[in-house]
Structure formats: C-alpha cells, structure tokens
C-alpha cells in the first residue's frame, strides 16, 4: 500500500522549504552567489545539512528555485497592474512600470546576482533564465492581445511587441545594475514609460504620466 503524506505533514514540509528559500535570499544578497555556500544557508536557517539536501540537490538547485521565487515576486506587481488597466490606459501603464521599478530597486543586491553575477553560471541556469524570460513575454503577450482586441493599443504584432516591452525593461535593469553611479532605477521611470506608450500607440497626457509616477513612488510597497 502506497504511503500518503498527511495534509499536516505536507504543510510542515512546505513551510520548511519556504523558510530555507527566504533565508537563502538574505544570504545570497549579502554574500553574492559565489561567496555563498550550503553551510552558510544551513547555519543561517538553523537546520541540519540533511534537511537541506532533503529539499535541494545542491546550491545550484536552490539558486534556480530562488530565481523563480524572486523574479515572480518582482514581476508580479507589473503583471497585476497590467491586468487592471481599463479606460485610463496611459495612467495604468505608468503606475505598472513605476511600481515594478520601485519594487526592483528595493531588491538591488539580489537583482544584481540574478541578472549580472549569475550570467553564464552553467547551461542549466541559462536554460532557466531563458525559460523565465519566455514566461514573462508570454504573459505580456496575453495582456497585449486583450488590449489590442479592445482597441486600447495599436501594434502590428502582439508577440514582437511583448518581446520589445520586456526587452526595454531588462536593458534598463542591466544598465542600472552595472552602473556605479548613484542614479536610482526609478529615475528612468518617465523615459521608459513614454517610450513604451509611444511604441504601443497609446495617446497620453504628460501631466497624467508624471502624476501617476509621483503617486506610485510615494506609496509604500505592500
């Protein structure tokens, strides 16, 4: 007879895994990818080595899982905002992009590890990065398709526009993460927003854009 894990046992396992992941996020952010060891995570999480290896094969496996968690968390704000866009599409896009930049700015150490330090880490991770990028492009394409059907954006090709949209955001992120100056990521908000509004054929009011950015950047992150 096959053994069935009880609901309570599974919930405990899930909670333990979440604890390891949340701890690892802090450790990787503090030490960098190459400066972090399994022992560092184990010690900080106050778990046994055996417990760690019950959930993860090695540091690389943990990092790939962490990559999913963090990127989903950062991009969730953008996609949730895109889903809520209705009649005020210029304001909606402005708030979505501004909030995304603000959320990413608050995760700079970890974002740098994800997008800069870990590039070329190994073939498996590069495949993961490509998988995640395609996931975000597909989600964006879904939103753009709906907006196009409702005549809210004017684009020739949904998929290409989605790739360009995600591409502009990623390029800004990489440029900011590689820069040593004190410029904030949110300083790019207005230029990035206007560029994408124009690319999507959205008529916008400049004053509304600046107001939306100001309101978003002065609202606490949830």
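What the table shows:
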read-out: Subset of the stretch 151-186 [under 18 Å from residue 99 (Cα atoms) and assigned to a loop (DSSP other than H, G, I, E, B)]; value: 183, 184
read-out: Spans of helices (runs of 4 or more DSSP H) in the stretch 30-147 with at least 2 residues surrounded by 16 or more Cβ atoms within 10 Å (Cβ to Cβ) and in the same structural domain as residue 168 (by TED's automatic domain parsing); value: 59-83, 89-105, 108-112
read-out: Residue within the stretch 198-219 that is over 15 Å from residue 95 (Cα atoms), buried (at least 17 other Cβ atoms within 10 Å of the Cβ) and assigned by TED's automatic domain parsing to the domain that holds residue 139 present; value: yes
read-out: Meets criteria (touching a helix residue (DSSP H, G or I) at 6+ places or on another chain (Cβ under 9 Å) and modelled with pLDDT under 75) for residue 82; value: yes
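The values are calculated or read from the model by the stated rules, or taken from the named source; none is laboratory data. This one's a predicted model, so the numbers in the text were calculated from it and none came from an experiment. Reconstructed Cβ throughout: ideal geometry from the backbone, glycine too, with neighbour counts over all protein chains shown.
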